[in-house]
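The values are calculated or read from the model by the stated rules, or taken from the named source; none is laboratory data. Small disclaimer: the values here were computed from a predicted structure and weren't measured. A quick note on method: Cβ atoms are made from the backbone with ideal geometry, for glycine too, and the neighbour counts reach across all protein chains shown. Side chains included, ligands, DNA and RNA excluded: accessible areas come from the protein's heavy atoms. Shrake-Rupley method; radii C 1.70, N 1.55, O 1.52, S 1.80 Å.
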Amino acid sequence: YNQGIKDHNNKNFAVANDNYTKALQTNQQFYQALYNRGLAELSQNKNGDAQNDFNQAVSLNENPRYYLARSVSNARLRNFKEALQDIDKAQNLGYDNAEIAYFRGMVYLLAGNYSEAEKQYNFAVSANNRLAKAYCDRGTAHYLRSNYKAAIDDYNTAIEIDHSATYAYVFRAQAKAEQGNISAAIADIIAMNAQPKQVMVSIAVSNILMQS
């Protein structure tokens with residue numbers, strides 16, 4: 001299990017997944033291992049497997065973080081009603097209000113309800129104005145409504161808070177490209193240490209991610 005945590009932190013998600021599985025072979029009710037394996041599976045886009053692990057983890061321990069994690073797999077599987085119910089359960093267990101609003105925004109964003117997503121992200125940053133991911137995702141909601149200036153403003157804020165937020169550089173590059181500012185878009189990709197040959201690939205990938 002501890003080796004799985006190390007692999008997970010190093011973003012070796014497949015290896016971490018295997019180590020969590022080994023830990024579970026000795027204790028099938030090891031809910032922390034179920035939860036962490038679910039997170040590793042989410043990182044590999046194995047949403048159904050993640051859902052199964054979160055279901056088991058929640059049945060063993062009603063931790064609000066487990067409900068929030070399951071809200072992500074539910075949303076990715078387009079079970080939006082169930083995702084919002086999971087977030088409500090986490091809130092009822094006293095979880096942080098900014099995070100609750102952030103996760104609700106995530107569900108509405110994936111559901112294509114961009115105006116409601118923006119409202120939830122507004123709540124999130126009002127409760128915690130240092131929540132970089134909320135600014136980034138609100139920027140994406142703006143982007144998907146073709147409000148590129150507002151999107152860039154939010155990506156700027158996300159980057160000011162967290163200079164390592166590479167996702168914000170990628171999405172800001174896409175918004176700048178939509179405005180026709182290709183040189184600035186390329187500068188953003190270079191700023192996140194992408195090789196020149198990866199620039200256009202990165203922009204294309206960011207577009208796919210935002211449409212998913």
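Details
- Debye log10 I(q)/I(0) for region 1-57, one point scatterer per Cα, at q = 0.27, 0.29 Å⁻¹: -1.04, -1.17
- The Cα trace of the chain gives Rg and Dmax of 18.0, 56 Å, the first to one decimal, the second as a whole number.
- For the chain, accessible area per residue (1.4 Å probe, heavy atoms of protein chains only), Å²: 50
- Relative contact order for the chain, counting Cα pairs under 8 Å that sit 6 or more residues apart, in percent: 9
- Spin-label model distance (nm) - Asn10 vs Lys22, 7 Å beyond Cα toward Cβ: 1.3
- Using a probe radius of 1.4 angstrom, the carbon and sulfur fraction of the accessible surface of the chain is 45%.
- Gaussian network model of the chain, springs between alpha carbon atoms under 10 Å - residue of Arg130, Arg76, Arg145 with greatest fluctuation: Arg145
- Calculated diffusion of region 56-157, Stokes-Einstein form, Kirkwood radius summed over Cα pairs, 25 °C and 0.890 mPa s, µm²/s: 181
- Partner lysines whose Cα lies under 17 Å from the Cα of Lys46, excluding those fewer than 8 positions away in the same chain, are identified as Lys11.
- For Ser146, the accessible area of its heavy atoms, probed at 1.4 Å with every protein chain present, is near 70 square angstrom.
- Test item: Cα-centred dipole of region 25-114, Lys/Arg +1 and Asp/Glu -1 on Cβ, debye: 200
- Tensor-based shape of region 142-190 (alpha-carbon gyration tensor, a/c under 1.5 rounded, otherwise prolate or oblate): oblate
- In summary, the aspartates and glutamates within cross-link reach of Lys119, defined as a Cα separation below 16 angstrom excluding same-chain residues under 8 places away, comprise Glu99, Asp137, Asp154.
- Residue-span extension gain [Gln179 to Ser164] - 0.36 nm each, minus C-alpha spacing: 3.0 nm
- Overall Cα dimensions of region 112-169 - principal axes, largest extent first, Å: 28, 24, 16
- Pairwise label distance in nanometres, Asn113 with Gln85, each label 7 Å out on the Cα-Cβ vector: 1.6
- Selection from Thr166, Val125, Gln29, by position along the positive dipole direction of the chain (Cβ): Thr166
- Residue ranking by accessible heavy-atom surface, 1.4 Å probe, largest first, among Asp18, Asp7 comes out as Asp18, Asp7.
- Computed over the chain, the per-residue total of -39500 (n - 2.57) for DSSP H runs of n ≥ 4 gives a 222 nm mean residue ellipticity of -25000 deg cm²/dmol, rounded to 500.
- Area of Phe30 that stays accessible when all protein chains are in place (1.4 Å probe, Å², to 10): 50
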